[in-house]
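Novice: The structure's right below; bear with me while I get my questions together.
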Amino acid sequence: MFKGLVGLVTGGASGLGRATAERLVREGSRVVICDLPASAGQDVASALGDSALFVPTDVVSEKDVQNAVGAAKEKFGKLDITVNCAGIGVAFKTYNFKKDKPHQLEDFTKVLMVNTVGTFNVIRLAAGLMGQNEPDAADGQRGVIVNTASVAAYDGQVGQAAYSASKGAIAGMTLPIARDLAPQGIRVVTIAPGLFLTPLLEGLPPKVQTALAQTVPFPKRLGRPDEYAQMVCSIVENRMLNAEVVRLDGGIRMQA
């Protein structure tokens with residue numbers, strides 16, 4: 001199924017993005033790994049051998065993303081799968097009355113720029129190259145785009161106004177973008193992960209990780225990055241999945 005396909009994964013140097021890049025290569029794809037210049041992207045690509053290429057990329061930069069998409073075409077000849085995992089988060093209340101301080105506007109703006117605008121920037125530029133593919137005989141498909149929202153899009157906690165807004169926007173733009181790209185045979189699906197053992201959570205004390213895991217109905221543990229990657233592959237394989245946001249969260253509903 002995946003042999004001969006070419007993927008592009010943002011945030012591919014760590015966490016969900018790295019697991020996705022690694023799984024795509026294991027399944028037979030070739031992958032362009034996009035992440036910041038200071039990331040471990042080159043190390044990840046080197047470990048994957050000739051099937052992977054690292055391209056330093058700031059997803060908010062039109063030039064950087066154009067360069068990454070161009071590298072996919074130059075190195076591998078095409079682009080079939082795009083997975084948006086790049087993202088950041090901050091934790092601030094809308095107004096901190098104890099410190100008499102409002103949420104910093106630049107922090108709110110930065111989260112929306114990286115998470116929402118960055119995702120759209122990659123989608124709009126990757127779609128152009130995907131649209132050049134020959135449609136397959138089965139359904140006329142030319143490509144698949146997978147985005148990353150979060151359960152915070154629906155169950156945002158205290159201090160998550162910026163993060164929830166950015167992820168809610170990704171969820172909200174899934175349908176219209178899928179409709180935009182449907183005539184060209186490009187599917188668009190978004191995954192909304194719950195609590196996953198990414199570098200952010202790995203940095204927390206074991207006791208805190210255990211407490212967080214206990215909030216998941218079943219299974220009572222944190223998600224594994226490869227389970228996210230498995231969902232990406234399932235989306236690629238199942239062609240009736242389109243224009244949808246899929247929660248991948250063990251049934252969790254976040255509390256305040």
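The values are calculated or read from the model by the stated rules, or taken from the named source; none is laboratory data. Treat the numbers as computed from the prediction; the structure is a model and nothing was measured. A quick note on method: Cβ atoms are made from the backbone with ideal geometry, for glycine too, and the neighbour counts reach across all protein chains shown.
Novice: Just one of Leu175, Leu129 is closer than 25 Å to Lys73 by Cα and either among the polar types (S, T, N, Q) or assigned to a helix (DSSP H, G or I) (or both); which is it? Give the steps one after another, and end with the answer.
Specialist: Working: Leu175 fails: closer than 25 Å to Lys73 by Cα.
Going through Leu175, Leu129 in turn, the sole match is Leu129.
Novice: Of all residues in region 88-126 being free of Cβ contacts under 8 Å to residues at least 24 places away in the same chain and not charged (D, E, K, R), which is surrounded by the fewest Cβ atoms within 10 Å (Cβ to Cβ)?
Specialist: Phe97
Novice: Can I ask one more? (1) surrounded by 15 or more Cβ atoms within 10 Å (Cβ to Cβ); (2) within 19 Å of Gln141 (Cα to Cα): which one isn't true of Gly77, the others all being true?
Specialist: Condition (1) is where Gly77 drops out.
Novice: Could you tell me which residue of region 1-37 is modelled with the lowest pLDDT, considering only residues that are in a loop (DSSP other than H, G, I, E, B) and more than 18 Å from Gly118 (Cα to Cα)? Give the steps one after another, and end with the answer.
Specialist: Applying the first criterion (in a loop (DSSP other than H, G, I, E, B)) to region 1-37 yields 1-5, 11-14, 27-29, 36-37.
Within this subset, residues satisfying the condition of being more than 18 Å from Gly118 (Cα to Cα) are 1-5, 27-29.
On the way: Met1: 87, Phe2: 95, Lys3: 96, Gly4: 96, Leu5: 98, Glu27: 98, Gly28: 98, Ser29: 98.
The qualifying residue modelled with the lowest pLDDT is Met1.
Novice: Could you check region 28-49 and list, in sequence order, the residues that are in contact (Cβ under 8 Å) with a residue 40 or more places away in the chain and either surrounded by fewer than 17 Cβ atoms within 10 Å (Cβ to Cβ) or among the aliphatic types (A, V, I, L, M) (or both)?
Specialist: Taking region 28-49 as the starting set, the residues that turn out to be in contact (Cβ under 8 Å) with a residue 40 or more places away in the chain are 29-30, 32, 34-35.
Residue satisfying the conditions is Val32 alone.
Novice: Further question on the same structure: Go through region 161-197 and give me each residue that's more than 30 Å from Glu134 (Cα to Cα) and out of contact with any strand residue (DSSP E or B) (no Cβ under 9 Å at 6 or more places or on another chain). Let's see the steps before the verdict.
Specialist: Narrowing region 161-197 to residues more than 30 Å from Glu134 (Cα to Cα): 161-169, 192-197.
Listed by number, the residues that qualify are Tyr163, Ser164, Ala165, Ser166, Gly168, Ala169.
Novice: Let me ask something else. Can you find, within region 2-18, the residue that is surrounded by the fewest Cβ atoms within 10 Å (Cβ to Cβ) among those that are over 11 Å from the mean Cα position of the chain (by Cα) and at negative phi?
Specialist: Filtering first and then ranking leaves Lys3.
Novice: Going by what's in this entry, would Met113 be described as outside any loop (DSSP other than H, G, I, E, B) and touching a Phe, Trp or Tyr at 6+ places or on another chain (Cβ under 9 Å)?
Specialist: Numbers: outside any loop (DSSP other than H, G, I, E, B): yes; touching a Phe, Trp or Tyr at 6+ places or on another chain (Cβ under 9 Å): no.
Taking the combined requirement at face value, the residue does not satisfy it.
Novice: Next up: Assess whether Ala192 counts as being of a type in the set (A, V, I, L, M, F, W, C), within 30 Å of Leu105 (Cα to Cα) and buried (at least 19 other Cβ atoms within 10 Å of the Cβ).
Specialist: Numbers: of a type in the set (A, V, I, L, M, F, W, C): yes; within 30 Å of Leu105 (Cα to Cα): yes; buried (at least 19 other Cβ atoms within 10 Å of the Cβ): yes.
Considered against the rule, which asks whether it is of a type in the set (A, V, I, L, M, F, W, C), within 30 Å of Leu105 (Cα to Cα) and buried (at least 19 other Cβ atoms within 10 Å of the Cβ), Ala192 comes out as yes.
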